[in-house]
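One structure is given below, represented as structure tokens, and several questions about it will come after.
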Amino acid sequence: MLDACITKYYMDINEQSDTFQYELAKLIYRFKGEFDLNDYTIAGCLDFAKLSVLTDTDDIIFEGPLTDEEDEEQEENNNTESPF
């Protein structure tokens with residue numbers, strides 16, 4: 001356990017991301033072998049996890065689709081702006 005904590009501080013961002021990707025791939029292959037999950041189900045789970053990670057931060061804001069009023073306002077703003 002201590003080795004994992006120490007290693008974390010000596011790995012640069014590229015090594016950390018490579019390790020994460022490798023461990024994620026191992027997890028996916030393990031679940032494919034142990035369960036009857038098809039590729040679409042796994043991809044859907046990964047997509048859900050991705051969205052959960054992205055929406056958990058304050059840096060990225062996802063908005064739902066525009067209402068008709070908002071869509072009209074956006075078109076009006078785009079039409080009145082100068083192209084220069």
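The values are calculated or read from the model by the stated rules, or taken from the named source; none is laboratory data. Quick caveat: nothing in here was measured; it's all calculated off a predicted structure. Here the Cβ is made from the backbone with ideal geometry for all residues, glycine too, and neighbour counts use every protein chain on show. Heads up: the accessible areas ignore ligands, DNA and RNA and are worked out on the full protein's heavy atoms, side chains in. Shrake-Rupley method; radii C 1.70, N 1.55, O 1.52, S 1.80 Å.
Can you find even one residue in the stretch 2-10 that is open to solvent by 80 Å² or more (accessible area, probe 1.4 Å) and at pLDDT 80 or above?
Residues of the stretch 2-10 that are open to solvent by 80 Å² or more (accessible area, probe 1.4 Å), as a first pass: 2-3, 8-10.
Narrowing the set further to residues that are at pLDDT 80 or above leaves 10.
Checked against the condition, which is being open to solvent by 80 Å² or more (accessible area, probe 1.4 Å) and at pLDDT 80 or above, the stretch 2-10 yields at least one hit.
A follow-up question, please. If I ask for residues that are in a loop (DSSP other than H, G, I, E, B) and modelled with pLDDT of 70 or more, which ones from the stretch 34-64 would you list?
Phe35, Asp36, Leu37, Asn38, Asp56
Restricting attention to the stretch 11-26, and to residues there that are open to solvent by 80 Å² or more (accessible area, probe 1.4 Å) and of a type in the set (A, V, I, L, M, F, W, C), which single residue is modelled with the highest pLDDT? So that I can check it myself, show each step before the final result.
So the first thing to find is which residues in the stretch 11-26 are open to solvent by 80 Å² or more (accessible area, probe 1.4 Å), and the list is 13-15, 18, 20-23, 26.
Then drop every residue that is not of a type in the set (A, V, I, L, M, F, W, C), which leaves 13, 20.
Working: Ile13: 89, Phe20: 94.
So the residue we want is Phe20.
Would you please list the contacts, defined by Cβ atoms under 8 Å and residues six or more apart or on different chains, that run from a residue in the stretch 11-38 that is free of Cβ contacts under 8 Å to residues at least 12 places away in the same chain and closer than 20 Å to Lys50 by Cα to a residue that is part of a helix (DSSP H, G or I) and open to solvent by 100 Å² or more (accessible area, probe 1.4 Å)?
Gln16/Lys8
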